[in-house]
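The values are calculated or read from the model by the stated rules, or taken from the named source; none is laboratory data. As the structure is a prediction and not an experimental result, all values here were calculated from the model. All Cβ positions, even for glycine, are placed from backbone atoms using ideal geometry, and neighbour counts span all protein chains on display. Note: accessible area is taken over every heavy atom of the protein model, side chains too, but ligands, DNA and RNA are not part of it. Shrake-Rupley method; radii C 1.70, N 1.55, O 1.52, S 1.80 Å.
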Amino acid sequence: MNVLVIIIVVIAVIVVGVLVAAASTSTEYKIERQVIINRPKLDVFNYVKLLKNQDHYSKWVMTDPNMRKEFRGTDGTVGFIYAWESDNKQVGKGEQEIISIAEGERIDCEVRFMKPFEGKSILSFLVELLEANETQVTWIFNGRRNFMAKIVHMLFNLKERLGRDMEISLERLKNNLEKY
């Protein structure tokens with residue numbers, strides 16, 4: 001019986017530790033990755049601002065080739081919406097809307113997740129000229145987390161996992177643009 005009590009106490013301490021750690025973390029999160037692409041800045045920006053091009057480099061979009069997609073508006077302009085739905089729980093259901101564009105410099109999108117969880121994030125691409133044919137793309141993912149999302153982020157190390165997915169996507173973006 002003493003072993004059972006010790007096991008219960010250990011489990012309780014772990015659970016309380018996770019809850020305390022989650023409570024002490026920020027509700028806001030930011031994940032940022034960058035890549036240097038050997039192409040002129042305008043070529044890179046014009047490719048990135050078209051959300052449909054994510055079909056060719058985004059790890060998340062490419063996770064389910066059978067995902068159902070809906071497009072509303074004119075791609076590459078404020079108000080364009082790229083909506084998706086998948087039976088694959090890693091992909092789920094949501095939509096991404098272009099909310100602002102600083103032509104040649106930056107594009108901001110609001111990403112609205114509906115399934116398997118609800119949430120909103122702001123996704124930004126910043127495009128910066130380094131040299132004549134050398135452009136840096138910075139991909140930023142900002143969001144807010146409720147208490148349960150903080151626990152999930154912490155337990156599954158989502159900041160690191162999402163960062164790796166962004167790195168894979170940026171490498172694909174680089175490879176696609178440098179082929180031409």
| Near Ile81, within a Cβ-to-Cβ distance under 12 Å, what is the net charge of the other residues, with Lys and Arg +1 and Asp and Glu -1? | -1
| field | Rounded if a/c under 1.5, otherwise prolate or oblate - segment 18-103, Cα gyration tensor axes | value | oblate
| Taking Lys159 as the anchor, which lysines have their alpha carbon closer than 29 Å to its alpha carbon, excluding any fewer than eight residues away along the same chain? | Lys30, Lys41, Lys49, Lys52, Lys59, Lys69, Lys89, Lys93, Lys115, Lys120, Lys150, Lys174
| query | What net charge is computed for the residues neighbouring Arg164, neighbours being all others with C-beta under 12 Å from the C-beta of Arg164, Lys and Arg scored +1, Asp and Glu -1? | reply | 0
| request: Work out the FRET efficiency for Lys52 and Lys30 from their Cβ-Cβ distance, taking R0 = 41 Å, and round it to the nearest 0.05. | output: 0.95
| task | Using just the helices of the chain, give the 222 nm mean residue ellipticity in deg cm²/dmol: DSSP H runs with n ≥ 4 each add -39,500 (n - 2.57), and the total is spread over all residues, rounded to 500. | result | -11500 deg cm²/dmol
| request: Report the label-to-label distance for Arg164 and Ile6 in nanometres (one decimal), using points 7 Å from each Cα along the Cα→Cβ vector. | output: 3.5 nm
| task | For the chain, with a Gaussian network of springs between Cα atoms less than 10 Å apart, report the residue from Ile31, Ile11, Ile140 with the top mean-square fluctuation. | result | Ile11
| field | Average accessible surface area per residue within the chain, 1.4 Å rolling probe, Å² | value | 58 Å²
| task | Taking the Cβ of Ser100 as the centre, find all other residues whose Cβ is under 12 Å away and add up their charges (Lys, Arg: +1; Asp, Glu: -1). | result | -3
| For the chain, built as a Gaussian network whose Cα springs stay under 10 Å, the top-fluctuating residue of Arg39, Arg72, Arg112 | Arg72
| request: For Gln136 and Thr74, calculate 0.36 nm times their separation in residues minus their Cα-Cα distance, and state this gained length in nm to one decimal. | output: 19.7 nm
| request: Could you look at segment 21-98 and say what percent of its accessible area is carbon and sulfur, using a 1.4 Å probe and all protein chains? | output: 48 percent
| query | Which entry in (i) 1.14; (ii) 1.24; (iii) 0.98 is this structure's computed Cα Rg over 2.2 N^0.38 Å? | reply | (ii)
| request: Name the most mobile residue of Glu105, Glu118, Glu32, meaning the one with the largest mean-square fluctuation, in a Gaussian network model of the chain with Cα contacts below 10 Å. | output: Glu118
